[in-house]
1. Provide Trp14, Trp49, Trp26 ordered by accessible surface of protein heavy atoms (probe 1.4 Å), highest first.
2. If I fit a long axis through the Cα atoms of helix 54-65 and take the longest principal axis of the Cα atoms of the chain, what angle between them do I get, 0 to 90°, rounded to 10?
3. If the chain between Ser8 and Lys50 were fully stretched, how many nm would it gain, using 0.36 nm times the residue separation less the Cα-Cα distance?
4. Collect residues whose amide H, placed 1.01 Å from N in the peptide plane, falls under 5 Å from the amide H of Lys47; neighbours closer than 5 in sequence don't count.
5. Using the Karplus equation 6.51 cos²θ - 1.76 cosθ + 1.60 (θ = phi - 60°), what ³J(HN,Hα) coupling, rounded to whole Hz, does each residue of the range 14-24 give in order, writing x for Gly and Pro?
6. Put +1 on the Cβ of each Lys and Arg and -1 on the Cβ of each Asp and Glu in the chain; which of Met17, Met1, Gln62 then has its Cα farthest toward the positive end of the dipole?
7. Using a 1.4 Å probe on the protein heavy atoms, what percent of the accessible area of the chain belongs to carbon and sulfur?
8. Near the amide H of Arg72, under 5 Å away, which other amide H atoms are found, from residues 5 or more places off or on another chain, if H is placed in the peptide plane?
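The values are calculated or read from the model by the stated rules, or taken from the named source; none is laboratory data. Keep in mind the model is a prediction, meaning the values are calculated, not measured. A quick note on method: Cβ atoms are made from the backbone with ideal geometry, for glycine too, and the neighbour counts reach across all protein chains shown. Heads up: the accessible areas ignore ligands, DNA and RNA and are worked out on the full protein's heavy atoms, side chains in. Shrake-Rupley method; radii C 1.70, N 1.55, O 1.52, S 1.80 Å.
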Amino acid sequence: MSAEEHRSLFLSRWEGMKAAKLTHPWAQWVAVIDPSTDPACRALNGKSWKVDDRELASTIKQQLDCWYSTCRCRLKAPTKP
């Protein structure tokens, strides 16, 4: 998957999470952790926010600006933080 495809998929997932925030109000950053994991992704791994939190929106924008083609981060919607 190209970096652009990953960005598009990630943003699509986030938009879906915002639409479902009444039943799933949390978003959690998930990264695959291994030697090739980017330090920023490693630091965000496991962090949870309310879906409409401005910090989450800012973090996503920052990360999208520097994503690379092998990024394996995603957001998941846990029922609790």
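1. On the way: Trp14 30, Trp49 5, Trp26 55 Å².
Ranking Trp14, Trp49, Trp26 by accessible area, largest first, yields Trp26, Trp14, Trp49.
2. 20
3. Working: separation 42, 0.36 × 42 = 15.12 nm, distance 2.12 nm.
This chain segment gains 13.0 nm when fully extended.
4. Placed amide hydrogens put Trp29 under 5 Å from Lys47.
5. Once θ is set to phi - 60°, the couplings for the range 14-24 become 5, 4, x, 5, 5, 5, 9, 5, 5, 9, 9 Hz.
6. So the residue furthest toward the plus end is Met17.
7. Numbers: 2790 of 5050 Å².
The computed percentage sits at 55.
8. It is Val32, by chain and number.
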